[in-house]
Amino acid sequence: MDGFERRKEQKKESIRRAALELFQNYGFKKVSVSDIAERAGVSQVTIYNHFSNKEALIRDVLQWYAMILLARYKSMMESDRPFQEKLEDIVFDKSEVVSQFQGELLKTWMQNDPNMQDFIDNLYANHVLPVARKFFEEGLRQGNIDRRFSLETITYYIEIIRRGFFSTPEISEQAERNPALIKGLIELMTYGLNG
């Protein structure tokens, strides 16, 4: 990559970081391209040169953020820490992520954009699921997960929850408005009714 390309990528990265911070704090609707330009220290024209419109910017930022989260969760799962500690960190982190974006994340990310749906489905099948399977295999091997449940049962259960959660807008919208509900759902999915 030559100097021009490197500077172009650095500017794009700066725009993504500024947009992500603003979206996390204020949601997608309240943040304007002008707000992002000001935060990133670039002109609105620069943003439009990199992203055709606000929707394209949102999609790019969410895909970029998904890759950051994937790397973070993969690092958590592959660390040398005890399984239970890793599991609790992931549960806590996931509930924090969903409570950001002023309740607009799931609706924007999954329900209104077929491109995002395809991206998330592909990311899940090709990246998340293989890492999660290894993680749950570790939990089964160490006796941290009840051995009555096969790896196939666990992954199928997670897929049911994942698909069910996004199947109806009212379910995900209610969950986004109530961070305690998200945390409870994740804990219920993770620990079961026995706690």
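Every number here is computed from the coordinates shown, using simple stated rules; none is lab data. The structure presented is a predicted model; accordingly, all values stated were derived computationally and were not measured. Cβ: placed from backbone, ideal geometry, glycine included. Neighbour counts: every protein chain shown.
Using Cα-Cα distances under 8 Å and only pairs 6 or more residues apart, what relative contact order does the stretch 1-51 have, in percent? The partial results should precede the final answer.
Working: 25 pairs, mean separation 18.6, N = 51.
Dividing the mean separation by the residue count of the stretch 1-51 yields 37 percent.
The fewest-to-most ranking of 51, 92 by surrounding Cβ atoms within 10 Å reads 92, 51.
In the structure displayed, which of 12/134; 8/54; 86/134; 12/86; 30/74; 8/30 lie more than 24 Å apart, Cα to Cα?
On the way: 12/134 34 Å; 8/54 19 Å; 86/134 13 Å; 12/86 33 Å; 30/74 32 Å; 8/30 27 Å.
Beyond 24 Å between Cα atoms: 12/134; 12/86; 30/74; 8/30.
Each Lys and Arg Cβ is given +1 and each Asp and Glu Cβ -1; about its Cα centre, the stretch 1-51 then shows a dipole of about 80 debye. Its relative contact order, with pairs defined as Cα atoms under 8 Å and 6+ residues apart, puts the stretch 11-83 at 32 percent. Using a ≥ b ≥ c from the Cα gyration tensor of the stretch 1-60 (square roots of the eigenvalues), is it rounded, prolate or oblate, where a/c under 1.5 gives rounded and otherwise the larger of a/b and b/c decides, a/b for prolate? Prolate, because a/c is 1.5 or more and a/b exceeds b/c. For the stretch 1-77, trypsin sites (Lys or Arg not before Pro) meeting the loop criterion (DSSP other than H, G, I, E, B) and having at most 15 other Cβ atoms within 10 Å: 29, 30.
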